[in-house]
Amino acid sequence: MPRRSPREHQVVLLGGGLSKFASDRADGSIRDWVVEAVLEALADAGVERDQIQHAISSYESDHFANQLTQGAIFHDAVGLCPKPNVRVEGGGATGGLAIRTAYAYLQAGLCDCILVCGAESCGKRVTSQTAQEIFAMSADTDWDMLVGGHFTAYYAMMIQEHMRLYGTTEEQLALVAVKNHGNARFHPLAQKPLDLTVADVLASPVIAAPYKLYDCSLLTDGAAALIMATEQWAKKNVPHYQERPAVYLAGTGCGTDFMRLGDRPRPYPGLAHFRAKQEAAQQAYVMAGIKDPRRQIQV
């Protein structure tokens, strides 16, 4: 388990930026959305582009944009060549792993100010069927994908097992979609704000029972960016740093599990639990000094 040492730097989040998220950003390409997000992050952080010493680019698939080494394209688009850039990829955990990697670079002393950028181009440039096939390649392509393994089916199996073990209902699961789309109504850059009810979710088409259309995540074009630094560097180089409350990276963790669902240990954690997330959470709690997360974590 990682433990904080008094010799380690405090890592701070200086600012962030988002592009507009949409099902079809016909007004540009992925590199344009990256520029939108990065320019906003620089302005929010009060940092000049030339102060960025390193960049982490995160995206899951090379296939959606028909472009290998997109990190270099992003780097060029925001004017950071020839400074270093590293690509991070880890399926649905890609964004979190990019932040963790940036933290490691700062703690290692490889840089003092780093840009983290994530982007995907998986909107209407490809069909939903093609998108499902590309995402299915994140599973075990030697076994699961060849017999129709798609993530909607995996999630449906997990939901059914959770229902069997704990009595979870479809109505309870529908509340997640109601909350998420409802929260989107208050964000001007969100893709699909909706004023849904539980009945609306339950009435939406079944994708893989009991998984329904409104349970599904959206296929989206967009980008996000963060500026991170050591606090020591920020105090010296960011004029207005101490005028805002500091945002520290207190804890991070990482875990993995067998990609093939049939290989996951039973009876516990089995199909109903994400062992990798549980392992990552335990590491992050230790690093942040959290012993009772239900009591100590407020949001």
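Values as computed for the structure displayed
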{"read-out": "All positions within region 167-197 that are more than 19 Å from the chain's Cα centre (by Cα) and over 20 Å from residue 212 (Cα atoms)", "value": "185, 186, 188"}
{"read-out": "The listed residue being touching a His at 6+ places or on another chain (Cβ under 8 Å), among the small types (Gly, Ala, Ser) and outside any helix (DSSP H, G or I), out of 246, 272", "value": "272"}
{"read-out": "Unmet criterion (only one of (1) assigned to a helix (DSSP H, G or I); (2) in contact (Cβ under 8 Å) with a residue 24 or more places away in the chain) for residue 172", "value": "(2)"}
{"read-out": "Residue 190 vs. criteria out of contact with any Cys (no Cβ under 8 Å at 6 or more places or on another chain), part of a loop (DSSP other than H, G, I, E, B), farther than 30 Å from residue 170 by Cα and among the hydrophobic types (A, V, I, L, M, F, W, C)", "value": "no"}
{"read-out": "Single unsatisfied condition, residue 112 versus (1) open to solvent by 50 Å² or more (accessible area, probe 1.4 Å); (2) under 18 Å from residue 45 (Cβ atoms); (3) out of contact with any Leu (no Cβ under 8 Å at 6 or more places or on another chain)", "value": "(3)"}
{"read-out": "Members of region 127-147 that are over 16 Å from residue 62 (Cα atoms), in a helix (DSSP H, G or I) and without any contact (Cβ under 8 Å) to a residue 40 or more places away in the chain", "value": "129, 145, 146, 147"}
{"read-out": "Cβ pairs under 7 Å, 6+ apart, first in region 197-218 and within 11 Å of residue 176 (Cβ to Cβ), second assigned to a loop (DSSP other than H, G, I, E, B)", "value": "214/196; 214/204"}
{"read-out": "Failed condition for residue 259, given (1) under 20 Å from the mean Cα position of the chain (by Cα); (2) over 17 Å from residue 143 (Cβ atoms); (3) open to solvent by 30 Å² or more (accessible area, probe 1.4 Å)", "value": "(2)"}
{"read-out": "Residue in region 82-104 that is part of a helix (DSSP H, G or I), of a type in the set (Lys, Arg) and over 30 Å from residue 135 (Cα atoms) present", "value": "no"}
{"read-out": "Test: residue in region 60-82 that is of a type outside the set (Gly, Ala, Ser), open to solvent by less than 20 Å² (accessible area, probe 1.4 Å) and touching a Gly at 6+ places or on another chain (Cβ under 7 Å)", "value": "no"}
{"read-out": "Extreme residue, most open to solvent (accessible area, probe 1.4 Å), among residues of region 29-59 that are under 27 Å from residue 238 (Cβ atoms) and part of a loop (DSSP other than H, G, I, E, B)", "value": "48"}
{"read-out": "Residues that are open to solvent by less than 50 Å² (accessible area, probe 1.4 Å) and over 21 Å from residue 91 (Cβ atoms), drawn from region 212-249", "value": "212, 227, 228, 229, 230, 231, 233, 234, 238, 241, 246, 249"}
{"read-out": "Residue in region 60-81 that is farthest from residue 136 (Cα to Cα), counting only those that are part of a helix (DSSP H, G or I) and touching a Cys at 6+ places or on another chain (Cβ under 9 Å)", "value": "75"}
{"read-out": "Residue match in region 223-243 (condition: under 24 Å from the mean Cα position of the chain (by Cα) and assigned to a loop (DSSP other than H, G, I, E, B))", "value": "no"}
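The values are calculated or read from the model by the stated rules, or taken from the named source; none is laboratory data. Being a predicted model, the structure only gives us computed values, none of them experimental. Here the Cβ is made from the backbone with ideal geometry for all residues, glycine too, and neighbour counts use every protein chain on show. Note: areas computed on protein heavy atoms with side chains; ligands, DNA, RNA excluded. Shrake-Rupley method; radii C 1.70, N 1.55, O 1.52, S 1.80 Å.
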